[in-house]
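Worksheet for the structure shown next.
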Amino acid sequence: MLDLNYVRENLESVREALERRGMPIVVLDDFAQVDNERRQLIAESDQLNGRRNAASREIGELMKAGQRAEADARRQQVNELKDRIGELDRRRDEADARVRELLSTLPNIPHQSVPVGPDEKANVEVRRWGKPPAFAFKPKDHVELGTALGILDLERAAKIAGARFAILNGAGARLSRALIDFMLELHTQEHGYRETLPPFIVNRDALFGTGQLPKFEADLFKLTDERGFYLVPTAEVPVTNYYREEILDASQLPMKFAAYTPCFRSEAGSYGKDTRGIIRQHQFEKVELVKYALPDNSYDELESLTHDAETVLQRLGIHYRVVVLSTGDLPFANAKTYDIEVWLPSQNAFREISSCSNYEAFQARRAQIRFRRGGGSKPEFVHTLNGSGLAIGRTWIAILENFQQADGSVLIPEALRAYMNGMEKIQNYER
């Protein structure tokens, strides 16, 4: 959430930032109108409180002078003022609530380094790593490969659950587990993240803190009991909220967490997109990287977090590129985002496998996560960052497609073989 006073005092610059994002400015117009009404109510209430205090003093003087009738008349006026002030205060509280409600719907302001553009076509490529594989045959997609190898079953998953679910079998399930172990070990042993296993169910406060609520409730799976629980859409939610409503010491920062979780998303509004295979699923798995950082160097932390996520693909030997998202493609809570896009031979294209983002104080302000520099200094909001390190399913897809062989088998990248009990190749109905 943006700082309330900042929005009030910089209304035009916030308006320009929203326009760069391609967002309708009607919300900001509503904010300005309600906030102006709020200020008028406060001013009138303050004025009437001054009159009431003056009248109260007069009553005391009239009583001392024995002018009881005059004092009673003034007392009646004070009661009327009190009623009017109470009404003004009630309307002020309503305006306060409305201002904060509108504020919660305003997206983050893009960092000055974010390219300006209306959509993903304005995203800017930053770098590439590796080269696409050269095949002497027409490469198959992951559905053809996985189905033929007996490691991917979409039909029975649809029978059990519905569309956009998958079953991995045998070496396919083992490969998924190997990726989780490989990523967690890489990030904890080499990159210095602390492994954590958070709840897979979260409450409304947690989802508000990271920005999924109230704006994106349709994308979530809500449980039907009365406690307001939701399935996690990403480990970002529980891990970012770990220190919600707490004050940290500056010496503790940066804090770095790596978390494996399943993730659950309704994919509202995405029907018709990526319907083939397991690119876009209702249930999938990720290893998520989350950081709490000082505002002074949070963009350095973004660069290192992105590098940490890239290392996974480098170790696996898979071609990818990094793009910085434009203002029109930037998600709601993000100040700056790098997308890591992996090469998929069947599509002859790059596809997103990780988003690495700096939210600055946007999430921390919503979740009230602060730090103190010491010496009795005033608490400040931390900067929060996160990125997939990586999405398990899409990495699984990338391995099948990039390491497929002419006979339909799939080579296991050397970095994963120790996690696959030495297996070097997935062949027909491998178990």
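Looking across segment 1-18 at every residue that is exposed (fewer than 14 other Cβ atoms within 10 Å of the Cβ) and charged (D, E, K, R), the one that is nearest to the chain's Cα centre (by Cα) is identified as 16.
Annotation: residue 274 fulfils all but one of (1) at positive phi; (2) in contact with a Phe, Trp or Tyr (Cβ under 9 Å, 6 or more places away or on another chain); the unmet one is (2). Quick check: anything in segment 277-286 touching a Leu at 6+ places or on another chain (Cβ under 6 Å) and either open to solvent by less than 30 Å² (accessible area, probe 1.4 Å) or at positive phi (or both)? Checking segment 277-286: not a single residue is touching a Leu at 6+ places or on another chain (Cβ under 6 Å) and either open to solvent by less than 30 Å² (accessible area, probe 1.4 Å) or at positive phi (or both). Count of segment 229-282 residues, restricted to those that are assigned to a loop (DSSP other than H, G, I, E, B), over 17 Å from residue 393 (Cβ atoms) and at pLDDT 95 or above, is 5. Among the candidates 257, 208, the residue that is open to solvent by 50 Å² or more (accessible area, probe 1.4 Å), under 20 Å from the mean Cα position of the chain (by Cα) and either among the aromatic types (Phe, Trp, Tyr) or farther than 30 Å from residue 361 by Cβ (or both) is uniquely 208. Filtered by the rule that a residue be among the small types (Gly, Ala, Ser), modelled with pLDDT of 95 or more and outside any strand (DSSP E or B), segment 355-381 gives 361, 364, 367.
Of everything listed in (1) under 17 Å from the mean Cα position of the chain (by Cα); (2) without any contact (Cβ under 8 Å) to a residue 24 or more places away in the chain, the single unmet condition for residue 377 is (1).
Taking the condition of being part of a loop (DSSP other than H, G, I, E, B) and at pLDDT 95 or above, how many residues in segment 214-228 meet it?
Adding up the residues that qualify gives 3.
Report yes if some residue within segment 358-370 is under 12 Å from the mean Cα position of the chain (by Cα), under 20 Å from residue 192 (Cβ atoms) and in contact (Cβ under 8 Å) with a residue 60 or more places away in the chain; otherwise report no. For segment 358-370, residues under 12 Å from the mean Cα position of the chain (by Cα), under 20 Å from residue 192 (Cβ atoms) and in contact (Cβ under 8 Å) with a residue 60 or more places away in the chain: present. Residue 214 fulfils the conditions (1) of a type outside the set (Lys, Arg); (2) in contact with a helix residue (DSSP H, G or I) (Cβ under 9 Å, 6 or more places away or on another chain); (3) surrounded by 13 or more Cβ atoms within 10 Å (Cβ to Cβ) except for a single criterion, (3). Among the residues examined, residue 337 qualifies as within 19 Å of the chain's Cα centre (by Cα), open to solvent by less than 20 Å² (accessible area, probe 1.4 Å) and not hydrophobic (A, V, I, L, M, F, W, C).
Among the residues of segment 58-79, those identified as open to solvent by 60 Å² or more (accessible area, probe 1.4 Å) and under 28 Å from residue 93 (Cα atoms) are 75, 76, 77, 79. With the structure loaded, tell me whether residue 85 is assigned to a loop (DSSP other than H, G, I, E, B) and open to solvent by less than 60 Å² (accessible area, probe 1.4 Å) or whether it fails that test. Answer is no for this residue.
When you look at residue 329, is it closer than 15 Å to residue 384 by Cβ, open to solvent by 30 Å² or more (accessible area, probe 1.4 Å), charged (D, E, K, R) and out of contact with any strand residue (DSSP E or B) (no Cβ under 6 Å at 6 or more places or on another chain), yes or no? Write out each step before concluding.
Working: closer than 15 Å to residue 384 by Cβ: no; open to solvent by 30 Å² or more (accessible area, probe 1.4 Å): yes; charged (D, E, K, R): yes; out of contact with any strand residue (DSSP E or B) (no Cβ under 6 Å at 6 or more places or on another chain): yes.
Taking the combined requirement at face value, the residue does not satisfy it.
Might you check whether a residue that is free of Cβ contacts under 8 Å to residues at least 40 places away in the same chain and within 30 Å of residue 11 (Cβ to Cβ) occurs anywhere in segment 51-64? Looking through segment 51-64, none of the residues is free of Cβ contacts under 8 Å to residues at least 40 places away in the same chain and within 30 Å of residue 11 (Cβ to Cβ). Summed over segment 114-157, residues that are closer than 22 Å to residue 343 by Cα, in a helix (DSSP H, G or I) and acidic (Asp, Glu) total 2. Taken over segment 93-145, the criterion of being surrounded by 15 or more Cβ atoms within 10 Å (Cβ to Cβ), without any contact (Cβ under 8 Å) to a residue 60 or more places away in the chain and within 26 Å of residue 315 (Cβ to Cβ) is satisfied by no residue. Any residue in segment 340-354 that is under 30 Å from residue 101 (Cα atoms), assigned to a loop (DSSP other than H, G, I, E, B) and out of contact with any His (no Cβ under 6 Å at 6 or more places or on another chain)? Within segment 340-354, not a single residue is under 30 Å from residue 101 (Cα atoms), assigned to a loop (DSSP other than H, G, I, E, B) and out of contact with any His (no Cβ under 6 Å at 6 or more places or on another chain). Residues that are at pLDDT 95 or above, crowded, with 24+ Cβ neighbours inside 10 Å, of a type outside the set (A, V, I, L, M) and more than 14 Å from residue 395 (Cα to Cα): does segment 344-354 have at least one? Within segment 344-354, not a single residue is at pLDDT 95 or above, crowded, with 24+ Cβ neighbours inside 10 Å, of a type outside the set (A, V, I, L, M) and more than 14 Å from residue 395 (Cα to Cα). Annotation note: Cβ proximity below 6 Å between a residue of segment 299-320 that is open to solvent by less than 50 Å² (accessible area, probe 1.4 Å) and a residue that is part of a helix (DSSP H, G or I) and small (Gly, Ala, Ser) (sequence gap 6+ or interchain) occurs for 316/415; 318/398.
The values are calculated or read from the model by the stated rules, or taken from the named source; none is laboratory data. Computed from a prediction, not measured in an experiment: that's the story for all the values here. Quick reminder, even Gly has a Cβ in these numbers, built from the backbone with ideal geometry, and neighbours come from all protein chains shown. Please note that ligands, DNA and RNA were not included when accessible areas were found on the heavy atoms of the full protein model with its side chains. Shrake-Rupley method; radii C 1.70, N 1.55, O 1.52, S 1.80 Å.
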